[in-house]
1. Once every Cα of region 73-162 carries one equal point scatterer and solvent is ignored, give the base-10 log of I(q)/I(0) from the Debye formula at q = 0.19, 0.21, 0.22 Å⁻¹, two decimals.
2. Residues with amide H under 5 Å of Q411's amide H, sequence separation 5 or more or different chain, H placed in the peptide plane at 1.01 Å from N; which?
3. Please list, ordered by chain and number, the residues whose modelled amide H lies under 5 Å from the amide H of G516; skip anything fewer than 5 residues away on the same chain.
4. For the chain, take the longest principal axis of its alpha carbons; what is the angle in degrees between that and the long axis of helix 253-263, to the nearest 10 within 0 to 90?
5. So what are the ³J(HN,Hα) numbers for region 465-470, from phi and the Karplus equation (6.51, -1.76, 1.60; θ = phi - 60°), rounded to whole Hz, Gly and Pro as x?
6. Return the whole-Å distance between the Cα centroid of region 635-650 and the Cα centroid of region 176-240.
7. Could you state the angle between the C-alpha long axis of helix 213-224 and the longest principal axis of the C-alpha atoms of the chain, as a value from 0 to 90 degrees rounded to the nearest 10?
8. Determine, for each peptide in 406-413, 395-402, the mean count of other beta carbons within 10 angstrom over its residues, then list the peptides with the highest first.
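The values are calculated or read from the model by the stated rules, or taken from the named source; none is laboratory data. Predicted model, so just to flag it, every value in this text is computed and none were measured. Please note: Cβ atoms are built from the backbone with ideal geometry, for glycine as well, and neighbour counts cover all protein chains shown. The protein model used for the area step is the full one, side chains on, heavy atoms only, and it has no ligands, DNA or RNA in it. Shrake-Rupley method; radii C 1.70, N 1.55, O 1.52, S 1.80 Å.
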Amino acid sequence: ELKPKSVDLLRTVNREGHHTKAFNLPNLIIRRGQEFDIIILFERNYIKIEDEIILKFVTGSRPQQSKSTVIPVYNKESKDANDWWYKVMDDAGKQVTLRVKSGANAIIGRYQLFIDTVHKGQNSKEIEKFRYKHPDDIYLLFNPWCENDMVFIDKEENRQEYVLNQTGRIWLGSANKFCVRPWNYDQFEDVCIIAALALLDKSELGDAARRNPIFITRAIGRSVTNEQDAGVMTGNWSGKYDDGVAPFTWNGSAAILEEYLKKRKGVKFGQCWNFAAVATTLLRAMGIPARCVTSYKAAHDSDFSSALDSHWSTSNKPKINLDDALWDYHVWNEAWFTRPDLPNGHGGWQAFDPTPQECNEGVFTCGPASVKAIKEGELYLGFESKFIFAEVNADRINWEVDNEGNMVPFQMDKQIGGLNISTKSVSSDEREDITNTYKYPHGSSDSKKIVEKASKSTFRCDPKITPIGKEDVEFRFQGESQKSGDIKVTLKIKNDSSEGRVADVYICMVQSFYTGVPLNMVLAKTNTMSIPESDVTMVLKCSEYINCQDGDAHVNVYATAKVRETGQRFAARDSFWLEKPTVEVKTEGNAKLGESFEAVVVLVNTLSAPLTNGIINIEGPGLSRVVDIKTKKSIGPGEEYRETVKLSSKRVGRAEIIANFHCKQITDVCGVGSIEIVNK
């Protein structure tokens, strides 16, 4: 018998070559379709002409060779990219070095390694066999560096960004006032890859399907927030988070996944951007290039079969409880892979949305849908692409509602959805606008053709809007959120006729969540205007609303006008977010691996109102987490606040430090610093 005495999986060398050295798990972690070396030390000399070595890689819940979950690997090179093989690189007596190559379409996941040896002497008919089982699991991941892998993505900078980058930026806020949220993806923490594989098991995705990023992405998308079967996170948009953690408190995915693995039920609480961030972590951990994408003014729960509806009373007041959902922003995901199941040219970025909205075949799921198919209006290609198309191509119809509930449409707002579609730039923390990958320019002939095509496939039929009389008054609504926190809006009115006109104007400001759900009225103003006359302006002081709203709320403004002589109507609505105070994270010099170092968080309150009951949370890839640091006092307007914290790191290299401040008045006040971690 040829008995292995020890097997060296050469973890350090192989993980370096397979871009997996950053994983905290000590196991051999490799990427499919790429060679790796192992050294076997036998109890006796290896005799090439008498001894045969067969490697067997075993995975899945019921391994069997016919299902490709038991893979025998022989000493036989192949030019087929999907074949497994090995070759002997060196045999020095008892020690044999093998170079093993896995198939580029192999099932990803956790493998066991068996080494079978067969000895047949030259002068003997007796065959002696021996089986060795390696004690450690081997993890096999997707390989974006392998041209034959479905997830291959060109350019090293793209692989560094969408697979290896452990931090990122997510855009929140409004189309007029971006709010950048740093996030610690931390995909190399052991809980992330363990959670990813556990979720595939929970989703009951078959072993054979685990070679395909399409099926895996879909499974992860519905597992993050599966409403029927406790996904990773529990959604909450109510503003009430007492029995859990508020969505704005989280800084990274690892803490969420760690809690999920402990309790095996939905972690409280998350919103769309948390869900997308966790999904990005899970896919990057498995080797699928992924990123978060934000669309401003996103229609939700809409399949483009009808326009969004907004309602106004005959006395010009908004009837918000009747309106369809138009979110200030919505965050979903994109993953990169080829699409052999779709017509040529539909590979590349695929959009999927882990936030529950459409119940498809009994499961809340959306995507992965080809971004090209969305842009071209090819909704018949499926994967719930019609929902994402609706999110970025929403129209809105304004209705007048009388006291008996009768409704008359009076204004259509075209293409109000899908503004400033954003993601993090490659090799930069700046925003990249990718709107042109989802839609053609508004008003272009291509845009009109695509919308018409999509309307036919969703059997859309919009109501006809018939003007009641002359429309000879021009209305223009504009506003801004100032650095002090004050909000100023103006309705500009211009009479284009030669006759006098009188307009009844109503403007109100409503505290709302980013989903458009209202909290309470803050300020309202009614005017009767003889036109031409001065514009209607309304100013809301920061101190008038900031202490009576939820920290993660903002202000929606509704403006409407009706011309008495002609019956002409106008309606507009917009959202206004605070410009957040500034946060800096300062460090000095380098820090040593495993030893504590200090970071100073500096917050400057730029608002015209004090910030009270403040809390600071800090974390970063490989860093110790510091949570729930309470500020020692309220922070007055223009005042600077400093907090010194001690951190340590378990990884060498550059580490980003993410600081997140929230208080009674505001949330998502963030800053980022960095430090170089060196060996002792």
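1. -1.09, -1.20, -1.25
2. Residues meeting the criterion, in which the H sits 1.01 Å from N, are N398.
3. For G516, the qualifying residues are D328.
4. Approximately 70 degrees, to the nearest 10.
5. These are the phi-based 3J(HN,Hα) values: 10, 10, x, 6, x, 5 Hz.
6. Value for the Cα centre distance between the two parts: 32 Å.
7. It works out to around 60 degrees.
8. On the way: 406-413: 16.0, 395-402: 19.0.
Highest mean packing first, the order is 395-402, 406-413.
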